[in-house]
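Everything on this sheet refers to the single structure shown next.
The values are calculated or read from the model by the stated rules, or taken from the named source; none is laboratory data. Since the structure is predicted, the reported quantities are computational estimates derived from the model, not experimental observations. Cβ coordinates were reconstructed from backbone atoms using ideal geometry, including for glycine residues, and neighbour counts include every protein chain displayed.
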Ligand code: GBH
């Protein structure tokens, strides 16, 4: 693919952090160990037909037992920071909607040992408090549709912040609440697999509320740490810039994916047009007095996960509807958007079928910089799935991934030059891992994992990324 970047400098700002990211359920395995109880992803992945080939996270990368080896690998690659998530069911395994229950010390000990190992290796820890593995017991009482889940999440955040806050640089409250709410409760392709549009909007609000309560708890219990949240903002463009209908389609999806989170988090208000657009689905009566003030907590940093662009247009209602959002056959995550078409883009795609356009990276970073002045930015995820082709030398030669990372890092530089305070970049992912509904069929790692033996082998992209980190600059592709 041709680089669409305008950037001419290849140096990153001094102190820029080069890292990698993972998530608990995708790598840990050890699902029955040290008191852990099931999460919604255990239940979902063990339900026939929900994940490709029935794959589960039961073993995954066995990181729970191999974390020292994995930290050593990061150190060898010269990675400077590591974003991982804490599995809530390891910390308070007996949680119910009404009470947090006792803290499981063995769960805390695991993450504490991981943090110690990182610090000893000179790697800065960044902790995500919620990357989708909700305790199943909470889902049984309504999950994110119930505000008590948000309340318990705030209490759980206080426990983790208190235990790890002396050594962790950044706490990220939520990873991609868009996915948790809409893929989990409207499209049903993620756990808990519900397909109820009204439930998804209730989940949006209670995830927002959970963010606010957790941000406040981290501030109190880990006063030295940065408070952040990670959003997967969409980069939406109209099919026809001159069409009012297409531009309105952009407004609609931007409202549902971006502004419904940014509004309350940054400005303490839900966008009026989103409330109006969704009025036939819900009256939003789950929003109580004071909630938006709770959601709007001072933030030190915002995390952006960016993978691909989206083009939309107003659907005329005639002929077959284009559904390039990947939800053609089933329920849609796009609540109240029956008249929005997702347009199939020409050009390069990743193994996920996602289009590639690095310009979305710089534009979204610049948008965040404008909307949240004074707040630091991180790219908390970016990367691509690519086929598993191991060369005769036993190494994956993933030139396409190197090109993808190069072009997106160049787009980060564009944003920095445009004034966006981007402080670091976390490649998704350190390791090949359990790719949610796609199971082990999709590989995002810069390090290859042989699932039969658990042997880790850095791909060419890991070596290339390692050089970028060492030079704090963009190497040639
Ligand atoms: C992230 O989700 C997750 O945080 C991480 O756990 C996961 O492994 C990783 O990305 C890779 O999937 O359907 O063409 O319109 C990203 C989920 C990806 C959902 C882009 C929306 C839109 C692409 N998002 N997707 S398309």
> Of these, 395, 412, which one is on the phi < 0 side of the Ramachandran plot and crowded, with 19+ Cβ neighbours inside 10 Å?
Replying inline: 412
>> Which count do you get for residues in the stretch 11-32 that are part of a loop (DSSP other than H, G, I, E, B), in contact with a strand residue (DSSP E or B) (Cβ under 6 Å, 6 or more places away or on another chain) and closer than 15 Å to residue 89 by Cβ?
In response: 1
> Quick one: in the stretch 347-385, which of the residues that are out of contact with any strand residue (DSSP E or B) (no Cβ under 7 Å at 6 or more places or on another chain) and within 12 Å of the ligand (Cβ to nearest atom) is nearest to residue 81 (Cα to Cα)?
Replying inline: 384
> Where residues in the stretch 73-124 are under 22 Å from residue 473 (Cα atoms), in contact with a helix residue (DSSP H, G or I) (Cβ under 8 Å, 6 or more places away or on another chain) and assigned to a strand (DSSP E or B), which of them is farthest from the ligand (Cβ to nearest atom)?
Replying inline: 124
>> Checking residue 460 against (1) under 23 Å from residue 413 (Cβ atoms); (2) modelled with pLDDT of 95 or more; (3) out of contact with any helix residue (DSSP H, G or I) (no Cβ under 7 Å at 6 or more places or on another chain), only one condition comes out false. Which one?
In response: (3)
> Do any residues in the stretch 354-369 that are within 15 Å of residue 258 (Cβ to Cβ) have Cβ atoms under 9 Å from those of residues that are in a helix (DSSP H, G or I) and within 15 Å of the ligand (Cβ to nearest atom), where the two are at least six apart or on different chains, and which pairs are they?
Replying inline: 361/408; 364/258; 367/258
> Restricting the search to the stretch 266-298, which residues are surrounded by fewer than 15 Cβ atoms within 10 Å (Cβ to Cβ) and either under 30 Å from residue 224 (Cβ atoms) or touching a strand residue (DSSP E or B) at 6+ places or on another chain (Cβ under 8 Å) (or both)?
Replying inline: 290, 293, 298
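To keep it simple, each residue is scored yes or no on (1) more than 28 Å from residue 64 (Cβ to Cβ); (2) more than 16 Å from the ligand (Cβ to nearest atom); (3) more than 23 Å from the chain's Cα centre (by Cα).
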| site | (1), (2), (3) |
| --- | --- |
| 410 | yes, yes, no |
| 413 | yes, yes, no |
| 447 | no, no, no |
| 465 | no, yes, no |
>> Can you find a residue that is more than 16 Å from the ligand (Cβ to nearest atom) and within 17 Å of the chain's Cα centre (by Cα) anywhere in the stretch 389-405?
In response: no
> Which condition breaks for residue 180 when tested against (1) in contact (Cβ under 8 Å) with a residue 60 or more places away in the chain; (2) within 12 Å of the ligand (Cβ to nearest atom); (3) in a helix (DSSP H, G or I)?
Replying inline: (1)
> Among the candidates 174, 201, 164, which residue alone is modelled with pLDDT of 95 or more, at negative phi and within 15 Å of the ligand (Cβ to nearest atom)?
Replying inline: 174
> In the stretch 316-338, how many are at pLDDT 95 or above and either more than 14 Å from the ligand (Cβ to nearest atom) or in contact with a strand residue (DSSP E or B) (Cβ under 7 Å, 6 or more places away or on another chain) (or both)?
Replying inline: 3
> What single numbered condition from (1) more than 16 Å from the ligand (Cβ to nearest atom); (2) farther than 23 Å from residue 226 by Cα; (3) surrounded by 21 or more Cβ atoms within 10 Å (Cβ to Cβ); (4) touching a residue at least 40 places away in the same chain (Cβ under 8 Å) fails to hold for residue 301?
Replying inline: (2)
> Out of all the residues in the stretch 54-62, is one or more modelled with pLDDT of 95 or more, over 16 Å from residue 433 (Cα atoms) and either over 19 Å from the mean Cα position of the chain (by Cα) or assigned to a loop (DSSP other than H, G, I, E, B) (or both)?
Replying inline: no
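So, residue 426, is that one assigned to a loop (DSSP other than H, G, I, E, B) and surrounded by 20 or more Cβ atoms within 10 Å (Cβ to Cβ) or not?
no
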> Of the residues 214, 191, 202, which single one is assigned to a helix (DSSP H, G or I) and either within 27 Å of residue 46 (Cα to Cα) or more than 18 Å from the chain's Cα centre (by Cα) (or both)?
Replying inline: 202
